[in-house]
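Let me begin by presenting the structure, written as structure tokens, before commenting on it.
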Amino acid sequence: MSTLRFSLVCLLVGFVIYVCGHLFGVGYLFFAGYTILQYVVLSSAWNILGGYCGYVNFGSAAFFALGAYSTVFFYKFYPLPIPLLILISAVVSGIVGFGMGYLTLRLRGAFFAIATLAMAVVLQTLVVNWDYVGGSRGAYIVRADTIEIGGFSIEYIEYLFLLMMILSILSIVISRAIARSQLGFGFATIRDDELAAEASGVPTLRLKLIATTISGALMGMAGAPFPYYIGYLQPASAFGLEYGVNSIAMPIIGGTTSWVGPLIGAILLGSLQQIATVTISSAVNLLIVGLLLVAFVVIAPNGLVGLVQDRLRARRSK
Amino acid sequence: MDFPFELLVNAIIAGLLLGGFYAAVTAGVSISFGMLDIVNIAHPAFIILGSYIAYIVNISYGIDPIVVSIVMLPAFYALGTCIYQVYYVSFEKRGQESLRGLAFFFGLLFVTEVMLILVFGVDYRYVEASYIGPSLHLGSIDLPLRMLVPCVTALVLFGLLHLLVTHTFTGRAIMAVSQDQLALQLMAADPIRIKRIAFGISIATASVAGALLVIIQPVEPSVGREYIGRVFAICVLGGLGSLPGTLVAAMLLGVMESITSTFYGPSWSPAVSFGFLLLTLAFRPAGLFGR
């Protein structure tokens, strides 16, 4: 299927989901759905660098928070429409991703991983000490109840849901297109044997920089509408460890080698967490994520997609 | 305005004491990351686990936290060897240690932290001992005993580790395993066994470091996260796997953090270590004392 046709199918599916949710008529569905879609974006973005290139990014929360705080920054300045803020956040996070990659990607993989952790803390300290964006007290974002689009008046949460739906479709389409392009093959060579790739003339540093930039920009886009969603943004919620953990756990549980894995992981794990948060407690739901991550890494290293593939292969060879 | 010289001297002394403690925290990572090439980012979580064990025994029976941590050494050693065994079978043997190994330790970090939260809640916990509170005064210099005792303990621990690594067969084998596994096999030592022992020792240091941590400051489960960057900053700065380098780097970082928090406020001090780590990685990845 060509990328264009695939995007159209995705848009159609997204629209059907939205209409179903609307007919169901429960506002909470959109609240929960927004969080799940947000994780679809984050885990697809993480997978472009982590799954395709094999470089682990622990700082997803930092890129996410960069997006969220770009929104706060411009909100204080002049309240721009959210789609524009998403673009600005993409640029800011993309630039930071590029800089980050440029500083550390020439080193061994582990250093990059540790540096991303470090970056999250440096950024958080900067934000805590920066009064303009609210400092440690946090910042309030006032949003309307409804919004007019093309003559229709829709609930604001539905508007945010639709935006996040478009972003998740965008990230899925991008990661699928990358996997099938020359770029994707380049990424795979880096993951499998960077030295051999370098020796065969693959421009590894340039490819890795492309990956960090795209991945960072997508994560920033996921964070941009967040202040409007939550209404009150403080550093601890924007830099929450759950973003870092989930954006690693979801692709690994789903399967890291294709675009399907992060999508499946995000939908399954995201829904599970929503259910666990409502029925048990939010600490327990994080424990579930951690245990699943450890279990999958040890027992099923290729994730759910890998398990299904193995099953199919076994059946075919019978 | 004249320069607050006394303040500076006190900040440097406090930083050196803090640095001694940081050295104890980093010793384990210096072994696992520096010598064995195992990126154990869960190490701070084990330190917090050590803190909580010292806390429980101290509160229930009034035993000194440092004594508790020394008694607990074998348990932590056993825990370390078990973790290494899982790590070896699932990742090293399959040659997948980079991505999945990291995710594994990240998961462990997270699970340990959330379990502690579920059991103890997020309240700050502290211990009681006779040396918490009083200070020595040498002229205008203050030496709080709650910093001095951990610092001295840390230096003793560090000295013992250094002796172990340089003067015993196992210790030298640990140094060798990071350089050439095949050569080690020719010397009739099993590299997997040596690595298991080394990783056990590295986790065992977390027990002592945890007890020192809970003496210095009240502890809650997520405190460990601050130490991830600090520990790796020191480890990289000291040149991977070099114990004396680690000690010097720890002192250096302690002094810088102490000066920053004295003159600019404590809310900036986390950025010092992480900023320093980023700069080191960018400009001198071999560390100050790297080969």
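Just so it is clear, none of the values below were taken in a lab; they were calculated from the coordinates. These numbers were taken from a predicted model, which means no experiment stands behind them. Cβ coordinates were reconstructed from backbone atoms using ideal geometry, including for glycine residues, and neighbour counts include every protein chain displayed.
For the protein assembly as shown, report the % of Cα-Cα distances exceeding 39 Å.
Value for the protein assembly as shown (Cα pairs over 39 Å): 31 percent.
Through the Karplus equation 6.51 cos²θ - 1.76 cosθ + 1.60, θ set to phi - 60°, convert the phi angles of region B:244-252 into ³J(HN,Hα) values in whole Hz; use x for Gly and Pro.
Each residue of region B:244-252 in turn: x, x, 4, 4, 4, 5, 5, 4, 4 Hz.
Which of B:G254, B:G210, B:G95 moves most in a GNM of chain B, Cα contacts under 10 Å?
For chain B, modelled as a Gaussian network with Cα springs under 10 Å, the answer is B:G95.
Could you derive backbone 3J(HN,Hα) for region A:43-53 from the dihedral phi with the Karplus parameters 6.51, -1.76 and 1.60 (θ = phi - 60°), listing whole Hz in sequence and x where the residue is Gly or Pro?
Rounded to whole hertz, the list is 6, 5, 5, 4, 5, 4, 8, x, x, 6, 9.
Evaluate the distance, in nm, between pseudo-label points positioned 7 Å from the Cα of A:F24 and of A:S153 along their respective Cα→Cβ axes.
2.6 nm
Dividing the convex hull volume of the Cα atoms of region A:234-280 by its residue count, what figure in Å³ per residue is obtained? Numbers along the way, then the final one.
Details: hull volume 3.6 nm³, N = 47.
Taking the convex hull of the Cα positions in region A:234-280, it is 77 Å³ per residue.
Between A:S181 and A:R5, with labels modelled 7 Å along Cα→Cβ, what's the label distance in nm to one decimal, could you check?
Placing both labels 7 Å along Cα→Cβ, they lie 2.0 nm apart.
Can you classify region A:267-316 as rounded, prolate or oblate using the Cα gyration tensor, where a ≥ b ≥ c are the square roots of its eigenvalues, rounded means a/c under 1.5, and otherwise it's prolate if a/b beats b/c and oblate if not? If you can, show how the numbers build up before the last one.
Details: a/c = 4.73, a/b = 2.26, b/c = 2.09.
In terms of gyration-tensor shape, prolate.
Please arrange A:W259, A:W46, B:W268, A:W130 by how many other C-beta atoms lie within 10 Å of their C-beta, fewest to most. It would help to have the intermediate numbers written out before the result.
On the way: A:W259 26, A:W46 29, B:W268 17, A:W130 14.
Fewest to most other Cβ atoms nearby, the residues stand as A:W130, B:W268, A:W259, A:W46.
By its C-alpha gyration tensor, with a ≥ b ≥ c as the square roots of the eigenvalues, how is region B:1-129 shaped: rounded for a/c under 1.5, else prolate for a/b larger than b/c, else oblate? Kindly include the intermediate steps, with their values, before the conclusion.
Numbers: a/c = 2.19, a/b = 1.42, b/c = 1.55.
Because a/c hits 1.5 or more and a/b fails to exceed b/c, region B:1-129 counts as oblate.
Take the Cα atoms of chain A, find their three principal axes, and give me the spread along each one in whole Å, biggest first.
56, 46, 40
Given only helices, namely DSSP H runs of n ≥ 4 each adding -39500 (n - 2.57), what is the per-residue ellipticity at 222 nm of chain A, to the nearest 500 deg cm²/dmol?
Calculated mean residue ellipticity at 222 nm is -26000 deg cm²/dmol.
How far is helix B:43-61 tilted off the main Cα axis of chain B, in degrees rounded to 10, range 0 to 90?
Helix B:43-61 sits at roughly 60 degrees to that axis.
Can you compute the FRET efficiency between A:L291 and B:A78 using 1/(1 + (r/R0)^6), with r the Cβ-Cβ distance and R0 = 35 Å? Round to the nearest 0.05. Let's see the in-between values first.
Numbers: r = 21 Å, r/R0 = 0.61.
Working from the Cβ atoms, E equals 0.95.
What dipole magnitude, in Debye to the nearest 20, does the protein assembly as shown give about its Cα centre under +1 on Lys/Arg Cβ and -1 on Asp/Glu Cβ?
Numbers: 29 positive and 26 negative charges, 372 e Å.
Approximately 1780 debye in magnitude.
For chain B, build the charge dipole from Cβ charges (+1 Lys, Arg; -1 Asp, Glu) around the Cα centre, then report which of B:I192, B:G241, B:L16 sits farthest towards its positive end.
Value computed over the given set: B:I192.
If the chain between B:L8 and B:I192 were fully stretched, how many nm would it gain, using 0.36 nm times the residue separation less the Cα-Cα distance? Before the final figure, lay out the partial values.
Values: separation 184, 0.36 × 184 = 66.24 nm, distance 4.83 nm.
The B:L8-B:I192 span can extend by a further 61.4 nm.
Among B:51-63, B:16-28, how do they line up by average Cβ neighbours within 10 Å per residue, starting with the highest? Each step should come with its number before you reach the end.
On the way: B:51-63: 18.0, B:16-28: 26.2.
By packing density, highest mean first, the sequence is B:16-28, B:51-63.
Once the convex hull of the C-alpha atoms of chain B is built, how many Å³ does it hold per residue, rounded to a whole number?
Details: hull volume 40.7 nm³, N = 291.
Hull volume over Cα atoms, normalised by residue count, gives 140 Å³.
Extent of region A:203-318 along each principal axis, from alpha carbon coordinates, in Å, largest to smallest?
Dimensions of region A:203-318 along the principal axes of its Cα atoms: 58, 47, 21 Å.
What is the set of long-range amide H partners of B:S135 at a cut-off below 5 Å, with H atoms built 1.01 Å from backbone N?
B:L145
Specify the residue with the greatest mean-square fluctuation among A:E148, A:E158, A:E242, computed from a Gaussian network of chain A linking alpha-carbon atoms under 10 Å apart.
A:E148
Taking a ≥ b ≥ c as the square roots of the Cα gyration tensor eigenvalues, with a/c under 1.5 meaning rounded and otherwise prolate when a/b beats b/c, else oblate, which class fits region A:1-142? Please report the intermediate quantities before stating the final value.
Values: a/c = 2.13, a/b = 1.22, b/c = 1.75.
Oblate, because a/c is 1.5 or more while a/b does not exceed b/c.
Where the only charges are on Cβ atoms (+1 Lys, Arg; -1 Asp, Glu), what is the dipole of chain A about its Cα centre, to the nearest 20 debye?
In debye, rounded to 20, chain A gives about 820.
If neighbour count is taken as other Cβ atoms inside 10 Å, put B:C151, B:C235, A:C10, A:C20 in order from fewest to most. Walk me through the numbers on the way to the answer.
Numbers: B:C151 24, B:C235 29, A:C10 18, A:C20 10.
Fewest-to-most Cβ neighbours within 10 Å comes out as A:C20, A:C10, B:C151, B:C235.
Helix B:269-283: angle to the longest alpha-carbon principal axis of chain B, degrees 0 to 90, nearest 10?
40 degrees
Nearest 0.05, what FRET efficiency do A:T277 and B:L164 give at R0 = 56 Å with Cβ-Cβ as r?
Numbers: r = 47 Å, r/R0 = 0.84.
The calculated FRET efficiency here is 0.75.
Tell me, what ³J(HN,Hα) does each residue in region A:166-175 have, in order and in whole Hz, if you take phi through Karplus 6.51 cos²θ - 1.76 cosθ + 1.60 with θ = phi - 60° and put x for Gly and Pro?
5, 5, 6, 5, 4, 5, 5, 4, 4, 5
Taking a cut-off of 20 Å between Cα atoms, list the aspartates and glutamates near A:K76, but don't count ones fewer than 8 places away on the same chain.
Correct list for A:K76: A:D131, A:D145.
Taking amide H positions as placed 1.01 Å from N in the peptide plane, with prolines and chain starts having none, which residues 5 or more places from B:I38, or on another chain, fall under 5 Å of its amide H?
Sorted by chain and number, the residues that satisfy this are B:F33.
Could you line up A:R316, B:R193, B:R100, A:R137 from fewest to most neighbouring Cβ atoms inside 10 Å? Could you put the intermediate results ahead of the total?
Values: A:R316 7, B:R193 13, B:R100 21, A:R137 10.
Fewest-to-most ranking of A:R316, B:R193, B:R100, A:R137: A:R316, A:R137, B:R193, B:R100.
Once amide H atoms are placed 1.01 Å from N in the peptide plane, what residues at a sequence separation of 5 or more from B:R125, or on another chain, have their amide H within under 5 Å of its amide H?
Correct list: B:V219, B:E220.
Gaussian network model of chain A, Cα springs within a sub-10 Å range: biggest mean-square fluctuation belongs to which of A:T204, A:T279, A:T71?
Ranking A:T204, A:T279, A:T71 by mean-square fluctuation puts A:T279 first.
Over chain A, what is the relative contact order in percent, taking alpha-carbon pairs closer than 8 angstrom and at least six residues apart? Before the final figure, lay out each step's value.
Values: 463 pairs, mean separation 99.0, N = 318.
Computed value for chain A: 31 percent relative contact order.
Hey, what's the Kirkwood Rh for region A:151-254 if you take every pair of different alpha carbons, in angstrom? Can you show the working numbers first?
On the way: mean 1/r = 0.0612 Å⁻¹.
Roughly 16.3 Å, rounded to one decimal.
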